[in-house]
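Peer 1: Handing you this structure, nothing more for now.
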Amino acid sequence: MALNTVDETAEGLSLRQSHPRYGEKVIRIILFAAAFVSIVTTFGILISLLIPSIEFFLEVPITDFLFGTTWTPLFNDGEFGVLPLLSGTIVITVIAIAVAIPLGLGASIYLSEYASSRVRKVLKPTLEVLAGIPTVVFGFFALEFLTQLVLIKIFPGIEVFNALSAGLIMGIMIIPTIASLSEDAMAAVPSGLRDGAYALGSTKRQTAMKVVIPAALSGIVAAFVLGISRAIGETMIVTIAAGLQPQLSFNPLIGMQTMTSYIAAAGSGDLATGSIEYKSIFAVGMLLFILTFVMNIFSIRLVRRFRQAYQ
Amino acid sequence: MNNNGDITMQLDHALSPRGATIPLEVNDPVFTLDDVSVFYGDYEAIRNVTLPIGKNEITAFIGPSGCGKSTLLRSFNRMNDLIIGSHLKGVVAYHGTDIYGPDVDPIEVRRKVGMVFQKPNVFPKSIYENVAYGPKVNGAKGNLDDVVEECLTRAALWNEVKDDLKKSAYALSGGQQQRLVIARCIAVKPEVILMDEPCASLDPIATAKIEDLMVELANDYTIVIVTHNMQQAARVSDRTAFFTAELDDNEVRHGRLVEFGRTRELFSSPGDSRTEDYISGRFG
């Protein structure tokens, strides 16, 4: 015999929702809208880049753009080979990373593993102040101080506008990003792992290098990638300190133009809307977008692979 | 005020049941603690412990939470050094050498005195690399395959992992991870293994395996284990030290050693009513 589980005639005990919960729905919609804005903006940027870019490539063959070695869009018979801008971006980014990764990682290891909590409390905010300095200030510092007072004494042939000073200062600008995020990643490593390492007779250095850093690697790689992205996208320092001369070269002592500084310089000029020069801004912007996009995808994969290996 | 404090200290000392705290003589002690107190800043976590640790014996530390037994355990390999503000009074002698002496390198101490923790803290590396870590940081060169196999075998884990040595240690179960930690510990060739509640996060079957392993390892190693599990202490240990937390005459809470003796005797006829209350489950 089945148990009489449901009494259809039961009265008095109501488990129905007693009043509508409008608040829940409103909050849900507001929060969704907040998330949606960034997606819409991304697509908006993509479309606004895409249309003028396509128009640009109808006039300039894409192979000329990607493999051309001369960038003279403002000449009457201008050439649109993007390699000089690309080489400028690469040279300056590489210099910046060569400064920022060792110093940033070193600072984060010091803060996380060596510094006393009192030193850390002072040092970390101080370092983060560096991230708050406007890039235009960094740009003038590179041009007026680093180039003219320091670099010119070491490299007498250096040009006033040069890739080296822009790259070095950009590296210093990125240090706090890398140091702070790497330090967060290392601080998140469970203290049990450190105890385990010390209990096996590890020194401080061995504990940091062989246990803490490998355990924090996904966060550290993410910090590097963010730093590199900032270097590629940085505009003001290069516009001020590296000059506006597109040159296909890997010599850091001469002036160079990057993709970003071309966009800034051309965009602030008086180019006629719809002209080929005007559209070239969007083509360069598109390339920049694709480069950083590919790098982000690559880094997400990298981080995921480390996570799989370590969890 | 100062005088008062001194007088109370002396009284406290004189009134403490010396008969219960005078340690049993052990043959060939590896460690001898003489009047050891450990402080975190001003807080005295454990006070005036005098205790020997016998060679190739399992010594269990039992007692309610906050009685300082883990703190005391961490003073055997100077792990408390890593906690800022901690310091120790008294003498922790390892084969007659004070390990808190001026010429002692804590890293060397930890190579002789290994430690297994409550939560299995395997490194984010492969099973093989976990075991090889200790020998590597201690300067071992060349092929460590034999060491890894030997240590995993000794930790009763080899048969379960021999085909997966390259896999991440995180892929193992909690009990396997704890045995891996033991294998990693013995790879450094310590003389003493400290275990801080090694089975606290394990199920009964994994616990039983670790307990069997401990008894087996005691043939070659000296083991000191902190446990909340009195049955565990009764099952595996040769000697037991019972600690408790109490208030002194100034109402300051601190840990004390109440009783130390052969496990069988301590559990069957405890010499102190507090021990009896604890092991019969009346408090703690």
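Read-outs throughout are calculated quantities, based only on the coordinates presented, and are distinct from any laboratory measurement. All figures in this text were calculated on a predicted structure; none of them were measured in a lab. Reconstructed Cβ throughout: ideal geometry from the backbone, glycine too, with neighbour counts over all protein chains shown.
Peer 1: Rank A:GLY269, A:PRO156, A:MET173 by how far each Cα sits towards the positive end of the charge dipole of chain A (+1 on Lys, Arg Cβ; -1 on Asp, Glu Cβ) and give me just the farthest.
Peer 2: A:MET173
Peer 1: While we're on this one: Quick check: the angle from helix B:2-15's long axis to the longest principal axis of chain B, C-alpha only, nearest 10 degrees?
Peer 2: Once rounded, the angle reads 80 degrees.
Peer 1: If you count, for every residue in A:199-212, the Cβ atoms of partner chains within 10 Å of its Cβ, what is the mean?
Peer 2: Taking all residues of A:199-212 together, the mean is 6.
Peer 1: Order these peptides, B:208-219, A:109-120, A:92-103, A:22-33, by their mean beta-carbon neighbour count within 10 angstrom, highest first.
Peer 2: In descending order of packing, they fall as A:92-103, B:208-219, A:109-120, A:22-33.
Peer 1: Is the shape of chain A rounded, prolate or oblate, going by the alpha carbon gyration tensor and its root eigenvalues a ≥ b ≥ c, with a/c under 1.5 for rounded and a/b larger than b/c for prolate?
Peer 2: Oblate.
Peer 1: How would you rank A:PHE75, A:PHE140, A:PHE224, going from fewest to most other Cβ atoms within 10 Å of each one's own Cβ?
Peer 2: A:PHE75, A:PHE140, A:PHE224
Peer 1: Expressed as an acute angle from 0 to 90° and rounded to the nearest 10, what is the orientation of the C-alpha long axis of helix A:163-187 relative to the principal long axis of chain A?
Peer 2: Tilt of helix A:163-187: around 10 degrees.
Peer 1: Over what distance in Å are the Cα centres of segment B:225-284 and segment A:138-194 separated?
Peer 2: One Cα centre to the other: 60 Å.
Peer 1: Here's another thing I want to ask about it. Summing -39500 (n - 2.57) over the DSSP H runs of n ≥ 4 in the protein assembly as shown and dividing by its residue number, what mean residue ellipticity at 222 nm do you reach, to the nearest 500 deg cm²/dmol?
Peer 2: -16000 deg cm²/dmol
Peer 1: Cross-link candidates for B:LYS125: which aspartates and glutamates have Cα within less than 14 Å, leaving aside residues fewer than 8 places away along the same chain?
Peer 2: Hits, sequence-local ones excluded: B:ASP164.
Peer 1: Placing unit charges on C-beta atoms (Lys and Arg positive, Asp and Glu negative, everything else neutral), compute the dipole magnitude of chain B about its Cα centre in debye, rounded to 20.
Peer 2: Roughly 740 debye for chain B.
Peer 1: What ranking, highest mean first, results for peptides A:266-274, B:168-176, B:30-38 when packing means the other Cβ atoms within 10 Å averaged over each residue?
Peer 2: B:30-38, B:168-176, A:266-274
Peer 1: Something else about it: With 10 angstrom as the radius, rank A:HIS19, B:HIS95, B:HIS228 by how many other C-beta atoms surround their C-beta, starting from the fewest.
Peer 2: With the sparsest Cβ surroundings first, the list reads A:HIS19, B:HIS95, B:HIS228.
Peer 1: Over 28 Å between Cα atoms: which of A:LYS124/B:LYS141; A:LYS204/B:LYS119; A:LYS210/B:LYS69; B:LYS141/B:LYS209; B:LYS69/B:LYS209 fall into that group?
Peer 2: Those over the limit are A:LYS124/B:LYS141; A:LYS210/B:LYS69; B:LYS141/B:LYS209.
Peer 1: Right, another one. If we count every other residue with Cβ under 15 angstrom of A:ALA264's Cβ, Lys/Arg +1 and Asp/Glu -1, where does the sum land?
Peer 2: -3
Peer 1: Further, regarding this structure: Please tell me the relative contact order of chain A in percent, rounded to the nearest whole number, where contacts are Cα pairs under 8 Å and at least six residues apart.
Peer 2: 25 percent
Peer 1: Still on this structure, I have one more. First select every other residue whose beta carbon is under 14 angstrom from the beta carbon of B:ASN143; then total the charges, Lys and Arg +1, Asp and Glu -1.
Peer 2: It works out to a net charge of -3.
Peer 1: Suppose every Lys and Arg Cβ carries +1 and every Asp and Glu Cβ carries -1, with no other charges. What dipole size does segment A:78-192 come out with about its Cα centre, to the nearest 20 debye?
Peer 2: Charge dipole, segment A:78-192, about its Cα centre: 400 debye, nearest 20.
Peer 1: Let me ask you something else. Explain nothing, just compute: Karplus ³J(HN,Hα) = 6.51 cos²θ - 1.76 cosθ + 1.60, θ = phi - 60°, for every residue of segment B:232-245 in order, whole Hz, x for Gly and Pro.
Peer 2: 4, 4, 5, 5, 9, 8, 8, 10, 10, 10, 9, 10, 8, 9
Peer 1: What average count of beta carbons from other chains do you get within 10 Å of the Cβ of residues in B:110-121?
Peer 2: Going residue by residue through B:110-121 and averaging, the value is 4.
Peer 1: Magnitude of the Cβ-charge dipole of the protein assembly as shown, K/R +1 and D/E -1, about the Cα centre, nearest 20 debye?
Peer 2: Value, rounded to 20: 500 debye.
Peer 1: Okay, next question. Other chains near B:180-186: what is the mean number of their Cβ atoms within 10 Å of each residue's Cβ?
Peer 2: 1
Peer 1: Using the 10 angstrom Cβ neighbour count as an exposure proxy, how do A:LYS204, A:LYS210, B:LYS69 rank, fewest first?
Peer 2: Arranged by neighbour count, lowest to highest, A:LYS204, A:LYS210, B:LYS69 become A:LYS204, A:LYS210, B:LYS69.
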